[in-house]
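The values are calculated or read from the model by the stated rules, or taken from the named source; none is laboratory data. Everything quoted here is computed from the prediction, not taken from an experiment. In this analysis, Cβ positions are derived from the backbone assuming ideal geometry, glycine residues included, and neighbour counts consider all displayed protein chains.
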């Protein structure tokens, strides 16, 4: 498999939105994209986790293409694009169900899209008008498979960052949104669009109103620096 490597994006003057862990949930993605538009986002970046597990992988892919989203490759995307049922021997019913879902998703996406997932960059670097550099990834600079997570200490986060040059690093694999200022940089968790942890014990609606949350992060350059806002919408 071709290495994902890095990709340098064009410079942006306005706010940008970063989201992650869409997990094939097109309903949640639609709600988040409306939120991004209402927030004035000039571009959308996805920090991995596009189509795995969910019910509508092809609809998610098409919607991201329609919005010209910039995609970074995450561990779930690599697994989806490369694994088949021939590669794994399931040990129980749960694993058999997961493999069946994987194969169904691969069939729905087709070989052309799977090849595009394989070729996605592991890191998307963005130059902002403030002069700051933003790095969007699923994992961390030291290890694309190890995300920067809320429960880690400052020292643990810095060890995973290493000597990366970015001023802001957004990691998509943690599932929980957070902003952590560190020594000379800020680490951000993008949260989850399609599988937010707080939704797992919630009914889909409550008193006729949407009751599930979907996260995104808005990064806005200004004369005073950067404003980084974890946001969410209900769907």
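Annotations for the structure displayed:
- Test: residue in the stretch 183-203 that is surrounded by 13 or more Cβ atoms within 10 Å (Cβ to Cβ), over 27 Å from residue 38 (Cα atoms), in contact (Cβ under 8 Å) with a residue 40 or more places away in the chain and more than 15 Å from the chain's Cα centre (by Cα): no
- Residue 44 being in contact (Cβ under 8 Å) with a residue 60 or more places away in the chain, in a strand (DSSP E or B), in contact with a strand residue (DSSP E or B) (Cβ under 7 Å, 6 or more places away or on another chain) and within 19 Å of residue 133 (Cα to Cα): no
- Residue that is modelled with the highest pLDDT, among those in the stretch 119-132 that are surrounded by fewer than 17 Cβ atoms within 10 Å (Cβ to Cβ) and closer than 19 Å to residue 46 by Cα: 119
- Scanning the stretch 13-25 for residues that are touching a helix residue (DSSP H, G or I) at 6+ places or on another chain (Cβ under 9 Å), touching a residue at least 40 places away in the same chain (Cβ under 8 Å), assigned to a helix (DSSP H, G or I) and surrounded by 24 or more Cβ atoms within 10 Å (Cβ to Cβ) turns up nothing.
- Tally of residues being in a loop (DSSP other than H, G, I, E, B) and surrounded by 20 or more Cβ atoms within 10 Å (Cβ to Cβ) across the stretch 142-174: 7
- Flag for residue 115 being over 19 Å from residue 56 (Cβ atoms), at pLDDT 90 or above and either in a helix (DSSP H, G or I) or out of contact with any strand residue (DSSP E or B) (no Cβ under 9 Å at 6 or more places or on another chain) (or both): yes
- Selection within the stretch 51-65: residues that are crowded, with 24+ Cβ neighbours inside 10 Å and modelled with pLDDT of 95 or more. The member of this set that is farthest from residue 7 (Cα to Cα) is 57.
- Residue 109 being under 28 Å from residue 148 (Cα atoms) and either part of a helix (DSSP H, G or I) or out of contact with any helix residue (DSSP H, G or I) (no Cβ under 8 Å at 6 or more places or on another chain) (or both): no
- The listed residues are 71, 8, and the only one of them that is at pLDDT 95 or above and either surrounded by fewer than 16 Cβ atoms within 10 Å (Cβ to Cβ) or in contact with a strand residue (DSSP E or B) (Cβ under 8 Å, 6 or more places away or on another chain) (or both) turns out to be 71.
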